[in-house]
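Since the structure comes first, as structure tokens, the remarks are kept for the end.
The values are calculated or read from the model by the stated rules, or taken from the named source; none is laboratory data. These numbers were taken from a predicted model, which means no experiment stands behind them. Cβ placement follows ideal geometry from the backbone for every residue including glycine, while neighbour counts extend to all protein chains displayed. Quick note on the areas: whole protein, heavy atoms, side chains included, nothing else; ligands and nucleic acids left out. Shrake-Rupley method; radii C 1.70, N 1.55, O 1.52, S 1.80 Å.
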Amino acid sequence: MRSMYSLDVRRQALHLLQSGASLSDVSRRTGIARSTLRSWRDGPSTPVRVTLCAVEGSADPLDRRRYAALLGFYLGDGCVSAARTTFTLRISCDAGQPGVIEDVTRTMQAVRGRGTICHVRAPGVVVVQSSWKHWPCLFPQHGPGRKHERRLVLAAWQREVVEAYPGDFLRGLFHSDGSRVRNWARRTVDGVTTRHEYARWQFVNNSAEILGWCTEALDLVGIPWRQSSWKCVSVSTRDGVAALDALIGPKT
């Protein structure tokens, strides 16, 4: 029998319980029966089951941590293209950032397993790509047209992977469609004006769903953020920038 509660509602209730709230308190706040909350809290945890032809029945389990990063790279600057008998995953990287290119290559190889990873060069860009018939299984967001022009939904198993490895997911997002910039502002104290510089991470994407997944992951790791425009999420507090630096590393 299918549950009347969505995965998001269940996850939020469990988060409240794990934060120390009592069954009665969570029941009052959510309207969910105490018996239901207790069964969620005390029942066996459901392992991530990727019901994909690429993984199910394979001797090689999905590298969930690497997949979390690859999902971020794909959502930021990737696409899946169909050919006659296979599909090609392509992730575009700045040619001036060899560290990111190497990270994408290693990550794609870890998820792909056996198979060839190629680099295709264009002016200012290196496209890391690999052909495999199972890429649409691993990226069900694949579809015609640009990602921001269609509604995107994370599969339940993808959400569980992101929740388990939010830092790797954020690395993929910020190292593909993000940037670390230095901003400045003028400050006047006792009639003396000085120029104050500060660092900021920005993630820019035209998809409201992808922006939302970015902010959810930032919430999971406790990094403050703000939406500075309809397509830009910023991390600009000193502590927040330092925490994100330590979590995802430099974009080089």
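If the condition is being without any contact (Cβ under 8 Å) to a residue 40 or more places away in the chain and open to solvent by less than 40 Å² (accessible area, probe 1.4 Å), then segment 113-130 contributes GLY115, ILE117, VAL126, VAL127, VAL128.
Okay, residues lined up against (1) crowded, with 18+ Cβ neighbours inside 10 Å; (2) at pLDDT below 75; (3) not in a loop (DSSP other than H, G, I, E, B):
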residue: ARG11; (1), (2), (3): no, yes, yes
residue: THR36; (1), (2), (3): no, no, yes
residue: THR51; (1), (2), (3): no, yes, no
residue: GLY57; (1), (2), (3): no, yes, no
residue: LEU70; (1), (2), (3): yes, no, yes
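For VAL162, the stated conditions do not hold, so it cannot be described as among the hydrophobic types (A, V, I, L, M, F, W, C), touching a residue at least 24 places away in the same chain (Cβ under 8 Å) and open to solvent by 40 Å² or more (accessible area, probe 1.4 Å). Residues in segment 214-239 that are basic (Lys, Arg), touching a residue at least 12 places away in the same chain (Cβ under 8 Å) and over 16 Å from HIS148 (Cβ atoms): ARG238 only. For segment 197-214, the count of residues that are β-branched (Val, Ile, Thr) and either touching a His at 6+ places or on another chain (Cβ under 9 Å) or at pLDDT 95 or above (or both) is nonzero. Selection over segment 225-249 of residues that are more than 17 Å from the chain's Cα centre (by Cα) and part of a loop (DSSP other than H, G, I, E, B) gives a count of 3. Among the residues of segment 78-109, those identified as over 16 Å from HIS175 (Cα atoms), open to solvent by less than 40 Å² (accessible area, probe 1.4 Å) and of a type in the set (A, V, I, L, M) are VAL80, LEU89. Look at segment 84-111: where a residue is at pLDDT below 95 and a partner is open to solvent by less than 20 Å² (accessible area, probe 1.4 Å) and of a type in the set (Val, Ile, Thr), sitting 6+ places away or on another chain with Cβ atoms under 6 Å, you get PHE87/VAL80. Which of the residues that make up segment 197-224 are assigned to a strand (DSSP E or B) and among the charged types (D, E, K, R)? Scanning segment 197-224 gives GLU197, ARG200. For segment 189-214, the set of residues classified as surrounded by fewer than 17 Cβ atoms within 10 Å (Cβ to Cβ), within 21 Å of GLY172 (Cβ to Cβ) and among the β-branched types (Val, Ile, Thr) consists of VAL204 only. Selection within segment 141-159: residues that are touching a residue at least 12 places away in the same chain (Cβ under 8 Å) and small (Gly, Ala, Ser). The member of this set that is surrounded by the fewest Cβ atoms within 10 Å (Cβ to Cβ) is ALA156. Among the residues making up segment 227-252, those that are open to solvent by 50 Å² or more (accessible area, probe 1.4 Å), farther than 19 Å from GLY72 by Cα and not hydroxyl-bearing (Ser, Thr, Tyr) are TRP230, ARG238, ASP239, ALA242.
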